[in-house]
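Asker: Take this structure, written in structure tokens, and hold onto it; I'll ask about it next.
Throughout, read-outs are computed from the coordinates displayed, never taken from laboratory work. No experiment lies behind these values; they were computed from the predicted model shown. Here the Cβ is made from the backbone with ideal geometry for all residues, glycine too, and neighbour counts use every protein chain on show.
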Amino acid sequence: MKLYMFEHCSLCFRVRMIAALKRLHLQETVVLDDDSDTMVGLVGKRVIPILLKDDGRPMLESMDMVRYIEGLGPPVLVGPERPEIAQWADRVVAKSAPLTMPRYPLLGLPEFATAAALDHYIMRKRKTYDDFAELRSHTREQIDELMPKLEELDALIESPQAVNGALSMDDIRVLPLLRSVAVVKGLPFPRRVRNYFESMMYRIGFQPLPAV
């Protein structure tokens, strides 16, 4: 299997996470942010992630990829799911994006390896977000807005080994979002959130992204 991805992409990390949990080999190919030709050539449109299965057929939609990989061999996501976890994941993105989006270009990530790719990302995101330097100047206020969501998650986590006590699709929803917000230097994770994040990242063998 081959995954076309961005290093900073939380949806991509869902797929990387389930492959790691299943101990399955996943060939990872980072696409430059301005390389729309590769995406269009594979699936007819600009989209990431793209999973190319062993039979050569591409898959879209990260959760469909997760379910496909989970179906290869014995399952690992056997725990219960809770609607409040999915609801938390849906709500937190609006609070986290103003913190994470303007920091990704500062991390030296491979999808921004050329000046053209970096400029493409910045111009693409400016259609939705303000000037990145201006956004970063409001970091303290943005952290204050995000912290109640992290405290909410802290109260929901049942174990450092799995958000619901046993691995489930809810872990696939939560961990990639925590990996994203962990790029914010000075953002304090509540105790259970921190323990869960560190335990799960160690379990799947990934280092956090740099924090800036």
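Asker: Roughly how big is the chain's charge dipole about its Cα centre, with Cβ charges of +1 (Lys, Arg) and -1 (Asp, Glu), in debye to the nearest 20? Walk me through the intermediate numbers first.
Answerer: On the way: 28 positive and 29 negative charges, 49 e Å.
Roughly 240 debye, rounded to the nearest 20.
Asker: While we're on this one: Quick one: check the C-alpha center-to-center distance for segment 83-101 versus segment 155-175, whole angstrom.
Answerer: Rounded to whole Å, the Cα centres lie 15 Å apart.
Asker: Return the single residue from Met65, Met101, Met147 with maximal mean-square fluctuation; model: Gaussian network over the chain, springs between Cα atoms under 10 Å.
Answerer: Result: Met147 has the largest fluctuation of those listed.
Asker: If you put +1 on each Lys and Arg Cβ and -1 on each Asp and Glu Cβ, how big is the dipole of segment 83-204 around its Cα centre, in Debye rounded to 20? Walk me through the numbers on the way to the answer.
Answerer: Numbers: 17 positive and 17 negative charges, 63 e Å.
Its charge dipole is roughly 300 debye.
Asker: Starting from segment 162-209, pick out the chymotrypsin sites (Phe, Trp or Tyr not before Pro) whose DSSP state is loop and whose Cβ has at most 10 other Cβ atoms within 10 Å.
Answerer: Values: sites: Tyr196, Phe197, Tyr202, Phe206; in loops: Phe206.
Filter output for segment 162-209: empty list.
Asker: Still on this model: When N is the residue count of segment 83-204, what does its C-alpha Rg come to as a fraction of 2.2 N^0.38 Å? The partial results should precede the final answer.
Answerer: Values: Rg = 15.4 Å, N = 122, 2.2 N^0.38 = 13.7 Å.
So segment 83-204 has a normalised radius of gyration of 1.13.
Asker: Would you mind estimating how fast the chain diffuses translationally, via Stokes-Einstein at 4 °C and 1.567 mPa s with the Kirkwood radius over Cα pairs, in µm²/s? Don't jump to the answer; show the numbers that get you there.
Answerer: Details: Rh = 17.9 Å.
Translational diffusion coefficient: 72 µm²/s.
Asker: Could you list which residues have their amide H under 5 Å from that of Met59, counting only those 5 or more apart in sequence or on another chain, with H placed in the peptide plane?
Answerer: Leu51, Leu52, Lys53
Asker: Taking Cα pairs under 8 Å and at least six residues apart, what relative contact order does segment 15-162 come out at, in percent? Mind showing how you got there, number by number?
Answerer: Values: 102 pairs, mean separation 38.3, N = 148.
26 percent.
Asker: When the chain is fully extended, how far beyond the present Cα-Cα distance does Glu81 get from Ala20, taking 0.36 nm per residue of separation? Each step should come with its number before you reach the end.
Answerer: On the way: separation 61, 0.36 × 61 = 21.96 nm, distance 2.02 nm.
Difference between extended and current length: 19.9 nm.
Asker: Return the long-range amide H neighbours of Ala162 (sequence gap of 5 or more, or a different chain), with a cut-off of under 5 Å between placed amide H atoms.
Answerer: The answer is none.
Asker: When DSSP assigns beta bridges and you keep just the ones with both residues in the chain, what percent turn out antiparallel, to the nearest 5?
Answerer: Working: 6 of 10 bridges.
Counting DSSP beta bridges with both partners in the chain, the antiparallel share is about 60 percent.
Asker: Could you compute the longest span of the chain free of trypsin sites (Lys or Arg not before Pro) located in DSSP loops and having at most 16 other Cβ atoms within 10 Å, not counting the site residues? Mind dumping the intermediate values first?
Answerer: Numbers: sites that count: Arg23, Lys45, Arg46, Lys53, Lys127, Lys185.
Answer from the scan: 54-126.
Asker: Label segment 2-70 by shape, choosing from rounded, prolate and oblate, from the square roots a ≥ b ≥ c of the eigenvalues of the Cα gyration tensor; if a/c is under 1.5 it is rounded, and otherwise prolate applies when a/b is larger than b/c, oblate when it is not. Please report the intermediate quantities before stating the final value.
Answerer: On the way: a/c = 1.89, a/b = 1.47, b/c = 1.29.
Prolate, because a/c is 1.5 or more and a/b exceeds b/c.
Asker: What whole number of Å gives the distance from the Cα centroid of segment 12-68 to the Cα centroid of segment 197-211?
Answerer: One Cα centre to the other: 21 Å.
Asker: Among Leu106, Gly71, Ser180, whose Cα sits farthest toward the positive end of the charge dipole of the chain (+1 at Cβ of Lys/Arg, -1 at Cβ of Asp/Glu, about the Cα centre)?
Answerer: Gly71
Asker: Helix-derived [θ] at 222 nm for the chain: sum -39500 (n - 2.57) over DSSP H runs of at least 4, divide by residue count, nearest 500? It would help to have the intermediate numbers written out before the result.
Answerer: Numbers: 9 runs with 110 residues, N = 212.
Only helices count here, giving -16000 deg cm²/dmol.
Asker: Summing Lys, Arg as +1 and Asp, Glu as -1, what charge do residues with Cβ under 14 Å from the Cβ of Gly73 carry, Gly73 excluded? Let's see the in-between values first.
Answerer: Numbers: positive: Lys22, Arg23, Arg67; negative: Asp54, Glu70.
After counting each charged neighbour, the total is +1.
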